[in-house]
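Right, one structure below, let's go through it.
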Amino acid sequence: MFKPNFHYTHNIVRNLTSIAEARSIILTAPLVPKWEVSLRRDALLRSAHASTSIEGNPLSLEEVTALAEGREVMARRKDREEVLNYIEALEGIPKLAEKKILTASDVLDVHRIVTKDTLERQEDEGSFRKRQVVVGNKITGEVVFTPPPPQAVVKLMEELLEWFNSPETNESDPVIEAGITHYEIVRIHPFMDGNGRTARVMASFVLYRRGFDVKRFFALDNYYDHDRRSYYHALAGVDQNTLDTTQWLEYFSEGVATSIKAVKDKVIGLSKGIKFLKDKGQRALTERQMKIVEKMVNKGEITNREVREMFGISNRAALDEILKLLNLKIIKQIGEGRSTRYVLV
């Protein structure tokens, strides 16, 4: 089984302490659901923009936002698909996290989503590579890294997943697990293309699966994109003989600490001085209720019929969800009979 090689340094411990403190503030700060939806949506869009931008996608954050809203954007089809694919992969994380054991097929499915309709050879989408590749500097043409040979990929991924699914790993610090998962996927380079994006989705998946980023508020990819040189330098700085990832984990944990601090500061700013929130605290919603609130934030209102269509549920089940939100005083009813609709309080 794969066994990571690293040691805890002062910087890693300091970062993990800072992360834990910021996370505690975020999870206990009083917020109304529409703010939660806004923070989650902002993180999703920033992640999609940053992660594809790292790989050379030219779309701006404004264009990414427009695409996510279904608006037309003047851009190459491939650039549009990369962004929409990444959003789809991130949105699929909660469903993937329901699985107790992650398999190679699950990782291939993530890659298939990330690269759908964007690779030169369609057979490379959602498939482990069968050809040798090198990672080079696009400007100078210099080869900076030669991944393992294709015949070693399947075994290396099996060993990584054995570690990933082990009880010992599931008891380790989630930030460390996410950082190691990210690096190993980049190192093994199991795909012809899309390795970086898949690695970053999988790191986000680890944090969600381990209950760390349950609200999905922070965009780690933004940190990488802010200084791409440092990101690539940290990845390339791992000694390929010892595979000691200590320095990489220092960089990775600093990125999580920086990203989560930005969310903490925003959450504190939103909830400051709002008495009724401090009296009642956070009102935790289910994933389905959050989707209803998100729809209302984007559309302004919602009807019973729309709730039914969103989840493919009965009239009674839709009404139950609406009643829960009414009782929590998150939404209110407007109109009666067939003209009944619901808006955020």
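Restricting to region 209-250, name every residue that is surrounded by fewer than 20 Cβ atoms within 10 Å (Cβ to Cβ) and under 22 Å from Thr52 (Cα atoms).
Asp225, His226, Asp227, Arg228, Arg229, Ser230, Tyr231, Tyr232, His233, Ala236
Per-residue answers, yes or no, for (1) within 19 Å of the chain's Cα centre (by Cα); (2) under 17 Å from Met290 (Cα atoms):
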position: Val37; (1), (2): yes, yes
position: Arg41; (1), (2): yes, yes
position: Ala48; (1), (2): yes, no
position: Glu55; (1), (2): yes, no
position: Glu63; (1), (2): no, no
position: Ala66; (1), (2): no, no
position: Met74; (1), (2): no, no
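From the list Val83, Val107, Val73, Val64, pick out the single residue that is touching a residue at least 40 places away in the same chain (Cβ under 8 Å) and either in contact with a Leu (Cβ under 6 Å, 6 or more places away or on another chain) or surrounded by 11 or more Cβ atoms within 10 Å (Cβ to Cβ) (or both).
One residue alone meets the criteria, Val107.
Run down Ala50, Ala29 and say which single residue is touching a helix residue (DSSP H, G or I) at 6+ places or on another chain (Cβ under 9 Å), at pLDDT 90 or above, crowded, with 18+ Cβ neighbours inside 10 Å and of a type in the set (Gly, Ala, Ser).
Among Ala50, Ala29, only Ala50 is touching a helix residue (DSSP H, G or I) at 6+ places or on another chain (Cβ under 9 Å), at pLDDT 90 or above, crowded, with 18+ Cβ neighbours inside 10 Å and of a type in the set (Gly, Ala, Ser).
It is to be established whether one or more residues within region 222-233 are more than 26 Å from Thr118 (Cβ to Cβ), out of contact with any Ser or Thr (no Cβ under 6 Å at 6 or more places or on another chain) and in a helix (DSSP H, G or I).
yes
Kindly indicate whether any position in region 62-73 is modelled with pLDDT under 95 and basic (Lys, Arg).
Yes, that holds for at least one residue.
Given Glu306, Glu287, which one is of a type outside the set (A, V, I, L, M, F, W, C), modelled with pLDDT of 80 or more and within 29 Å of Gly70 (Cβ to Cβ)?
Glu306
Every residue, every condition in (1) among the small types (Gly, Ala, Ser); (2) in a loop (DSSP other than H, G, I, E, B); (3) surrounded by 13 or more Cβ atoms within 10 Å (Cβ to Cβ); (4) modelled with pLDDT of 95 or more, yes or no:
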residue	(1), (2), (3), (4)
Arg129	no, yes, yes, yes
Val133	no, yes, yes, no
Gly141	yes, yes, no, no
His182	no, no, yes, yes
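Of all the residues that make up region 164-209, how many are in contact with a Lys or Arg (Cβ under 7 Å, 6 or more places away or on another chain) and touching a residue at least 40 places away in the same chain (Cβ under 8 Å)?
Here the count works out to 5.
Somewhere in region 323-339, is a residue more than 25 Å from Leu31 (Cα to Cα), assigned to a helix (DSSP H, G or I) and not basic (Lys, Arg)?
Yes, region 323-339 has at least one match.
The values are calculated or read from the model by the stated rules, or taken from the named source; none is laboratory data. Small disclaimer: the values here were computed from a predicted structure and weren't measured. Please note: Cβ atoms are built from the backbone with ideal geometry, for glycine as well, and neighbour counts cover all protein chains shown.
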